[in-house]
Each structure stands twice: as C-alpha cells, then as structure tokens.
Amino acid sequence: PVKRVVGGETEGLPDFLATQPCTSGERWEWEGVSFQLWQWADGLDGNPRSCVLQVEASGERLLLTGDIDRAAEQAFLASSLAVQTDWLQAPHHGSRSSSSWPFLQRLAPTSVLISRGRSNTFGHPHPQVLERYHVLGSRVYDSAEQGAVRLRLGAFLPPMVARSQRRFWRDPLP
C-alpha cells in the first residue's frame with residue numbers, strides 16, 4: 001500500500017491524492033536502498049518546481065529529474081546530488097530547454113532514460129540533446145522505441161527492455 005505521495009506542485013490537487021510537498025534534502029533508506037529529494041527553491045511553478053529524486057543501491061545511482069529546465073539544472077549543480085550518475089531520466093523528456101552541457105558533464109550518465117510517446121507533438125527528444133548524450137558516450141533507452149525499461153538497481157546489469165522480449169505485450173518481465 002502507498003503510504004505517502006510527494007510532488008513538486010501540490011497546491012490545488014484533490015485531497016484524495018494526499019500529496020505532500022517535496023522537501024529538498026529529505027533522505028530515507030528502505031531495505032538498503034537510499035533515497036534523497038531535491039527541489040529548486042527559486043523555481044516559481046511548473047517544470048522548474050519538479051521534485052527530483054536520487055535513488056542509490058549498492059553504489060549504483062538513478063536520478064529522476066522530472067521536467068526541470070536549464071535554470072533548475074544550474075541550481076541543482078550546487079547540491080550534494082550533483083555527482084556521477086549511472087542512470088539519468090532525461091530532464092523534460094529530452095526537450096531543448098534541458099540537458100545542458102554543464103549538467104550532463106557533471107553527472108556523466110552511463111545511461112539515459114527518455115520517457116515519451118512516439119510522434120509526440122513536442123518533438124521530444126530534441127536532436128541536439130540526443131547529440132549531447134552521444135558525445136558523452138551515454139547509452140540511450142527511449143520508451144517510444146524500446147518500450148518499458150526495467151532496471152535492477154544495485155546489480156550493475158543491463159536493463160530488461162520490453163520490446164526485446166518475445167511477445168512483450170503478453171509476457172511479464174522476469
């Protein structure tokens with residue numbers, strides 16, 4: 001059962017969601033996996049107010065960035081979470097307003113996860129952003145191309161990619 005929901009913009013959400021505001025610096029551990037939150041204090045609303053979550057298991061890191069933009073990325077670089085990251089969820093689905101060079105160079109992600117729908121009206125991910133990932137040598141996993149990507153964080157193993165599985169629409173991922 002879900003005990004708690006945390007979000008970047010909680011004002012105006014229905015009461016049944018019971019969403020609590022993101023609190024930068026909040027940390028917790030669960031079964032040996034550590035979690036830490038960050039939110040840009042000067043983000044006024046919308047995408048820059050995204051609640052960023054770092055998850056670490058046995059030294060392998062995943063950074064879920066939400067829809068932060070370049071300005072929020074710049075502020076993030078001053079945080080203790082701005083360290084080498086194994087798995088980076090592409091900020092704002094790989095939009096041109098995110099994934100700045102300073103941000104990517106500091107995090108140096110081994111792999112990047114892009115969550116998007118095929119032929120989305122925003123044109124995400126932007127070709128310039130994909131080129132930055134390519135130059136860094138990051139492996140890109142795109143949900144529109146490969147379907148669901150399943151990680152076993154802490155095992156340092158390649159992910160399970162849904163579309164590489166026989167009958168991926170019917171068989172559950174192992």
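Rule-based calculations on the coordinates, nothing more; no lab input. All values reported here derive from a predicted model rather than from experimental measurement. FYI the Cβ positions are ideal-geometry reconstructions off the backbone, even for glycines, and counts take in every protein chain you see.
Observations, loosely collected:
- With contacts taken as Cα pairs under 8 Å and at least 6 residues apart, the stretch 1-65 reaches a relative contact order of 25 percent.
- Label point distance in nm, residue 150-residue 30, each placed 7 Å from Cα along Cα→Cβ: 1.9 nm
- In a simple Cβ point-charge model (Lys, Arg +1; Asp, Glu -1; nothing else charged), the stretch 13-160 has a dipole of about 400 debye relative to its Cα centre.
- Inter-probe distance in nm under a simple model that places probes 7 Å from Cα toward Cβ, at residue 64 and residue 18: 1.8 nm
- Listed residues 82, 18, 148, most fluctuating in the chain (Gaussian network, C-alpha, under 10 Å): 18
- Values (1) 1.25; (2) 2.98; (3) 1.04 are given for comparison; Cα Rg over 2.2 N^0.38 Å, derived from the coordinates here, is the one labelled (3).
- A Förster distance of 30 Å, applied to the separation of the beta-carbon atoms of residue 134 and residue 79, puts the FRET efficiency at 0.70.
- Residues 22, 51, sorted so that the one with the fewest Cβ neighbours within 10 Å comes first: 22, 51
- Using C-alpha pairs below 8 Å separated by at least 6 residues, the relative contact order for the chain is 14 percent.
- Beta bridges assigned by DSSP with both partners in the chain are antiparallel in approximately 60 percent of cases.
- Simple spin-label estimate for residue 44 and residue 105 in nanometres, 7 Å along Cα-Cβ: 3.0 nm
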